[in-house]
There are 2 protein chains.
Amino acid sequence: MTTLSKLSCEACSTGAQPLTNDEIDSMLFKLSGWELIIDSDIKKLKRQFHTEKYHQSVAFTNAIASLAESTNHHPQIILEYSSVTIIWWTHVIHGLHKNDFILAAKTSELFKSD
Amino acid sequence: MTTLSKLSCEACSTGAQPLTNDEIDSMLFKLSGWELIIDSDIKKLKRQFHTEKYHQSVAFTNAIASLAESTNHHPQIILEYSSVTIIWWTHVIHGLHKNDFILAAKTSELFKSD
C-alpha cells in the first residue's frame with residue numbers, strides 16, 4: 001500500500017479502459033481496508049474511517065477535498081458525526097482506473113497522518 | 001420557511017417523542033425543496049444542493065458542519081463535485097423532531113447566503 005500511495009495519477013480521458021476484474025483483484029490485494037462495491041453497475045472503492053470527534057471528521061473531509069482538487073479527481077465523501085466514508089471511482093470511464101487505487105492509498109495515508 | 005429558520009432548537013433527549021405523521025406533513029409544507037425519506041425505518045429530511053464549483057461544495061459543507069457543531073446536532077453530509085446532499089434526523093429518537101425542520105430551514109438559508 002505504501003508503494004501505491006507514492007505513485008502519481010496519470011491523465012485519464014474518456015477513451016481509457018476501466019481495469020479488468022483480474023487487475024482489480026490484484027490491486028485490491030495491495031489496498032488494506034478498502035472494499036469493492038458495485039453501485040448502479042459501476043465498480044467503486046469504498047472505505048469508512050472512524051474518528052472520535054466531529055472536528056476530526058471535518059478536518060479529514062477537508063484534507064481529502066484538498067487531495068481531490070490537487071489531482072482533479074473527486075470522490076464521494078460522506079461526513080457523519082464520528083466517521084467519514086470515502087468512495088473513489090472514475091466518472092469518465094464509469095469504473096475503476098489505476099488512479100482510484102493510488103488515491104485510495106493516499107487517502108489511507110492522510111488518515112494515518114491526521 | 002423564513003419563520004422556521006429563525007427558531008432555535010430545543011433540548012431533545014431520549015424520552016422525546018418523534019413527530020407524528022400529521023405533524024410531519026404540516027411542517028414539511030413549510031419547508032421548500034426538502035423531501036421526506038425513510039431509511040432503515042427511520043424518517044429523515046433530505047435535500048441535494050447543486051453548486052457550480054467544487055470549492056463552493058466544500059465551503060457549504062463547512063458551513064453546515066459549523067451549524068452542526070453550534071447546535072450539537074449533526075446531519076449526514078454527502079459531498080460531491082457539484083452537489084452537497086444534507087440529511088437531517090434525530091439519532092436519539094430514531095426519527096424526526098421539530099429541531100430537524102428548524103435545521104433544514106437554516107441549511108436552506110445558509111445555501112442562499114453563500
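With a ≥ b ≥ c taken as the square roots of the eigenvalues of the C-alpha gyration tensor of region B:33-114, please select rounded if a/c is under 1.5 and otherwise prolate if a/b is larger than b/c or oblate if it is not? Prolate shape, in that a/c is at least 1.5 and a/b is the bigger ratio. For chain B, take the longest principal axis of its alpha carbons; what is the angle in degrees between that and the long axis of helix B:54-71, to the nearest 10 within 0 to 90? The angle comes out at about 30 degrees. For residue B:37 and residue A:63, a Förster radius of 41 Å and the Cβ-Cβ distance give a FRET efficiency of 0.90, rounded to the nearest 0.05.
For the residue pairs A:53/B:53; A:46/B:44; A:44/A:106, the alpha carbons lie more than 26 Å apart in A:53/B:53. Using alpha carbons only, how many degrees (0 to 90, rounded to 10) separate the axis of helix B:98-113 from the longest principal axis of chain B? So the inclination is approximately 20 degrees.
Label-point distances for residue A:70 to the equivalent site in the other copies, using a point 7 angstrom along Cα→C-beta, read 3.1 nm when ranked shortest first. Across all directions, the average projected area of the convex hull around the alpha carbons of region B:1-77 is 6.4 nm².
Solvent-accessible surface of protein heavy atoms, probed at 1.4 angstrom with all chains present, puts B:107, B:51 in the order B:51, B:107, largest first. Taking the Cα centre of the protein assembly as shown as reference, the dipole from Cβ charges on Lys and Arg (+1) and Asp and Glu (-1) amounts to some 340 debye.
Qualifying trypsin sites (Lys or Arg not before Pro) in region A:4-102, where qualification requires a DSSP coil assignment and no more than 11 other C-beta atoms within 10 Å, comprise A:53.
Per-residue mean of other chain beta-carbon atoms within 10 angstrom of the beta-carbon, peptide A:53-65?
Numbers: counts 0, 5, 2, 0, 3, 8, 1, 0, 6, 5, 0, 2, 8.
Across A:53-65, the average partner-chain Cβ count within 10 Å equals 3.
At the listed q of 0.07 Å⁻¹, the Debye profile of the protein assembly as shown, built from one uniform point per Cα, gives log10 I(q)/I(0) equal to -0.26.
Our estimate of slack between residue B:16 and residue B:70, defined as 0.36 nm per intervening residue step minus the Cα-Cα distance, is 17.4 nm. Comparing B:84, A:16, B:26 along the charge dipole axis of the protein assembly as shown, the residue lying farthest to the positive side is B:84, per the Cβ-charge model.
Simple point charges give the picture: +1 on the Cβ of Lys and Arg, -1 on the Cβ of Asp and Glu, and for region A:40-110 a dipole about the Cα centre of about 160 debye.
Counting, for every residue in A:73-79, the Cβ atoms of other protein chains within 10 Å of its Cβ and taking the mean gives 6. Here the contact order of chain B, divided by its residue count and restricted to Cα pairs under 8 Å and six or more residues apart, works out to 38 percent. Applying the criteria of a DSSP loop state and at most 12 other Cβ atoms within 10 Å to the chymotrypsin sites (Phe, Trp or Tyr not before Pro) of region A:11-90 yields A:29.
The values are calculated or read from the model by the stated rules, or taken from the named source; none is laboratory data. As the structure is a computational prediction, the values presented were derived from the model and not from experiment. Here the Cβ is made from the backbone with ideal geometry for all residues, glycine too, and neighbour counts use every protein chain on show. Surface areas here come from the heavy atoms of the whole protein model, side chains and all, with no ligands, DNA or RNA. Shrake-Rupley method; radii C 1.70, N 1.55, O 1.52, S 1.80 Å.
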